[in-house]
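Structure record follows, encoded as structure tokens.
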Amino acid sequence: MAEIYKIGASLDSTNSPKEQEQILKVLESGNSVIIDMSDTTYVSSAGLRVLLYSYKVAMSKDLKVYLVGVCDDVKDVMDLTGFIEHFDIYETMEECKAACGLNDK
């Protein structure tokens, strides 16, 4: 099972602790997390750490972190840092839900 968590316009040092806490709550409940980044246009190094830490926690629990709606600028940064290889990335929520076997709720 996977739960959707939406991130706002940026993922940076000002909101990373809160976002990480919320993502970890999903993972601690035993669910994989679908991170909706369709409104996110900026991810700082602090934000990248949140994503990578979430991935590591998910892997330790045999769960997954899916990313949806990642803009090209953020994808470029993730590609340059090598982070992109750790995530299943989908253009749309419908695409992700289909790949995860979730029905449209």
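The values are calculated or read from the model by the stated rules, or taken from the named source; none is laboratory data. Small disclaimer: the values here were computed from a predicted structure and weren't measured. A quick note on method: Cβ atoms are made from the backbone with ideal geometry, for glycine too, and the neighbour counts reach across all protein chains shown. Keep in mind that these areas ignore ligands, DNA and RNA; they rest on the heavy atoms of the full protein, side chains included. Shrake-Rupley method; radii C 1.70, N 1.55, O 1.52, S 1.80 Å.
When segment 49-74 is filtered for residues that are open to solvent by 90 Å² or more (accessible area, probe 1.4 Å) and touching a residue at least 24 places away in the same chain (Cβ under 8 Å), the ones remaining, listed by number, are Arg49, Tyr53, Asp73.
Under 16 Å from Leu11 (Cβ atoms) and in a loop (DSSP other than H, G, I, E, B): which single residue out of Asp62, Asp39 fits that description?
Only one candidate qualifies: Asp39.
Among the criteria (1) touching a strand residue (DSSP E or B) at 6+ places or on another chain (Cβ under 6 Å); (2) surrounded by 15 or more Cβ atoms within 10 Å (Cβ to Cβ), the one Ala46 does not fulfil is (1). Screening the candidates Leu27, Leu52 for the property of being under 11 Å from the mean Cα position of the chain (by Cα) and of a type outside the set (D, E, K, R) yields one hit, Leu52.
Does segment 6-24 include one or more residues that are β-branched (Val, Ile, Thr), open to solvent by 20 Å² or more (accessible area, probe 1.4 Å) and in a loop (DSSP other than H, G, I, E, B)? Scanning segment 6-24, I find at least one residue that is β-branched (Val, Ile, Thr), open to solvent by 20 Å² or more (accessible area, probe 1.4 Å) and in a loop (DSSP other than H, G, I, E, B), so the answer is yes.
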